[in-house]
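K.L.:
Have a look at this one before I ask anything.
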Amino acid sequence: MRPRLLLLLLVVAALIVAACGEATTEPVATGDPLPTATPEPTVEATPTAAEATATPAPEPEPTATAEPEPTAAPEPEPQRIISLSPAHTEILFAIGAGDQVIAVDDQSNFPPEAPTTELSGFIPNVEAIIGFEPDLVVSQGLPEDIEEGLAAAGIESLPLFAPDTLDGAFAQIQTLGEVTGHPDEAAQVVADMQAEIQAIVAEVPEWEEPLTYYHELDGTLFSATSDTFIGQIYSLAGLQNIADDADESGSGFPQLSAEYILERDPDLIFLADTKCCGESAETLAARPGWDQLSAVQAGNVVELDDDIASRWGPRIVDFLRTVVQATADAGDAAAG
């Protein structure tokens, strides 16, 4: 017999033996079948409405604890400030930052304790500035090469250009307060100025016709229009500026001619060139034809302090007070 066939027969025999082992050896009687027990029905628990509708809460996944972001350290306030602007020098000392100022330009003559040097804001020298080892330079704007030189030396520069309005002046005071670490003092300076200005303006008399004026910046007859912070001071006093119609370029600082001023014949003349240029009511009256001006004949030529009339620091209040008083005097004289 072939081995393969023998193996097959052995497998079949094993299957038969297994089947016989599973068969019942007890004989089964024929007839009615024996009753079988009915299995007990399986009762399943009915879920409640809440259980039926509830969604099983998912297993919470472990969350990584977020690392707190590092807080940047605040920038330290500058401790070695140079001011190349007389207006900003006055502001720095007014807000309590004077102790941080190590040097100021040659035109910064107020307050008296300001450390005036030979530094120039008009012709700045980067090597001279760096020699003071400042950490901040405040100016009315510097040439590009000077700014680049300061940046290369790691020195911060803060250019604050001449403002056009009183609000612009107030904003610069607050900016310097923030930069130097004196925000509260700066806010107080602004609040005091605003309160004083409001009180002065409340005393301005009302005229049927506004008085006209001419503001002289220098002996070459440059003036300032109503679109400058200087002009805004005069507007608060209720005056009308004769220079407004002459500003064709819109610079805010037109150069007038003697003929133009003589033709307009202003009621008041304010000289803001008494220090720089030695002008006075007497020298003005000596100009050809100027002695015939109404302001000259009525004695309404006002000699201003150049510095007070050109800087936008706290002494703006003094400037306004002078203008308002001169206006009231001129109006009373005209009415009498």
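The values are calculated or read from the model by the stated rules, or taken from the named source; none is laboratory data. The model shown is predicted, which means the values in this text are computed figures rather than measured ones. Here the Cβ is made from the backbone with ideal geometry for all residues, glycine too, and neighbour counts use every protein chain on show. Protein only, heavy atoms only, side chains kept; ligands, DNA and RNA dropped before computing areas. Shrake-Rupley method; radii C 1.70, N 1.55, O 1.52, S 1.80 Å.
K.L.:
Out of everything in segment 124-158 that is part of a loop (DSSP other than H, G, I, E, B) and surrounded by fewer than 14 Cβ atoms within 10 Å (Cβ to Cβ), what residue ends up being farthest from the chain's Cα centre (by Cα)?
P.N.:
My answer is G131.
K.L.:
Moving on. Only residues that are β-branched (V, I, T) and under 27 Å from the mean Cα position of the chain (by Cα): list them for segment 107-123, please.
P.N.:
Once the filter is applied, which keeps residues that are β-branched (V, I, T) and under 27 Å from the mean Cα position of the chain (by Cα), segment 107-123 yields nothing.
K.L.:
Tell me which residues, restricted to segment 159-170, are in a loop (DSSP other than H, G, I, E, B) and touching a residue at least 24 places away in the same chain (Cβ under 8 Å).
P.N.:
Matches in segment 159-170: L160, A162, P163, D164, T165.
K.L.:
I've got another one for you. Just a yes or no: is a residue in segment 195-211 part of a loop (DSSP other than H, G, I, E, B), within 30 Å of S139 (Cβ to Cβ) and open to solvent by 30 Å² or more (accessible area, probe 1.4 Å)?
P.N.:
No, there is no match, as no residue in segment 195-211 is part of a loop (DSSP other than H, G, I, E, B), within 30 Å of S139 (Cβ to Cβ) and open to solvent by 30 Å² or more (accessible area, probe 1.4 Å).
K.L.:
Right, next: Are there any pairs, at least 6 apart or on different chains, whose C-beta atoms fall under 9 Å, with the first in segment 197-222 and more than 25 Å from Y260 (Cα to Cα) and the second modelled with pLDDT under 95 and of a type in the set (D, E), and if so, which?
P.N.:
Partner pairs satisfying both residue conditions: P205/D332.
K.L.:
Oh, and also: Name the single residue that is most open to solvent (accessible area, probe 1.4 Å) among those in segment 85-104 being in contact (Cβ under 8 Å) with a residue 24 or more places away in the chain and in contact with a strand residue (DSSP E or B) (Cβ under 6 Å, 6 or more places away or on another chain).
P.N.:
Applying the filter and picking the extreme gives Q100.
K.L.:
On to the next question. Those residues that are open to solvent by 60 Å² or more (accessible area, probe 1.4 Å), within 23 Å of T283 (Cα to Cα), touching a strand residue (DSSP E or B) at 6+ places or on another chain (Cβ under 8 Å) and not in a loop (DSSP other than H, G, I, E, B), I need them from segment 212-263; list them, please.
P.N.:
F222, Q255
K.L.:
Between E77, E51, E67, E113, which is in contact with a helix residue (DSSP H, G or I) (Cβ under 8 Å, 6 or more places away or on another chain), modelled with pLDDT under 95 and open to solvent by 80 Å² or more (accessible area, probe 1.4 Å)?
P.N.:
E77 is the lone residue from the list that is in contact with a helix residue (DSSP H, G or I) (Cβ under 8 Å, 6 or more places away or on another chain), modelled with pLDDT under 95 and open to solvent by 80 Å² or more (accessible area, probe 1.4 Å).
K.L.:
Do we find a residue being in contact (Cβ under 8 Å) with a residue 60 or more places away in the chain, touching a helix residue (DSSP H, G or I) at 6+ places or on another chain (Cβ under 6 Å) and assigned to a helix (DSSP H, G or I) anywhere in segment 297-317?
P.N.:
Yes - at least one qualifying residue is present in segment 297-317.
K.L.:
Give just the number: which of (1) within 17 Å of L304 (Cα to Cα); (2) of a type in the set (A, V, I, L, M, F, W, C); (3) touching a Phe, Trp or Tyr at 6+ places or on another chain (Cβ under 7 Å) does L221 not satisfy?
P.N.:
Condition (3) is where L221 drops out.
K.L.:
Suppose we filter G121, G96 for residues that are touching a His at 6+ places or on another chain (Cβ under 6 Å), not in a helix (DSSP H, G or I) and not β-branched (V, I, T); which single one remains?
P.N.:
Matching residue, one of G121, G96: G96.
K.L.:
Tell me yes or no: at least one residue of segment 272-291 is open to solvent by 60 Å² or more (accessible area, probe 1.4 Å), more than 25 Å from E209 (Cβ to Cβ) and of a type in the set (D, E, K, R).
P.N.:
yes
K.L.:
Being touching a residue at least 12 places away in the same chain (Cβ under 8 Å) and not basic (K, R) is the requirement here; does Q292 meet it?
P.N.:
Spelling it out, Q292 is indeed touching a residue at least 12 places away in the same chain (Cβ under 8 Å) and not basic (K, R).
K.L.:
Exactly one of (1) in contact with a Lys or Arg (Cβ under 6 Å, 6 or more places away or on another chain); (2) at pLDDT below 95; (3) of a type outside the set (A, V, I, L, M) is unmet by G336. Its number?
P.N.:
(1)
K.L.:
Can you tell me which residue among A187, A151, A191 is within 15 Å of V317 (Cα to Cα), modelled with pLDDT of 95 or more and not aromatic (F, W, Y)?
P.N.:
Answer to the check: A191.
K.L.:
Could you please find all residues in segment 294-320 being open to solvent by 30 Å² or more (accessible area, probe 1.4 Å), closer than 23 Å to A171 by Cα and of a type outside the set (S, T, N, Q)?
P.N.:
I308, P314, R315, D318
K.L.:
In the list D265, D318, D247, which residue meets the criterion of being on the phi > 0 side of the Ramachandran plot and of a type in the set (D, E)?
P.N.:
D265
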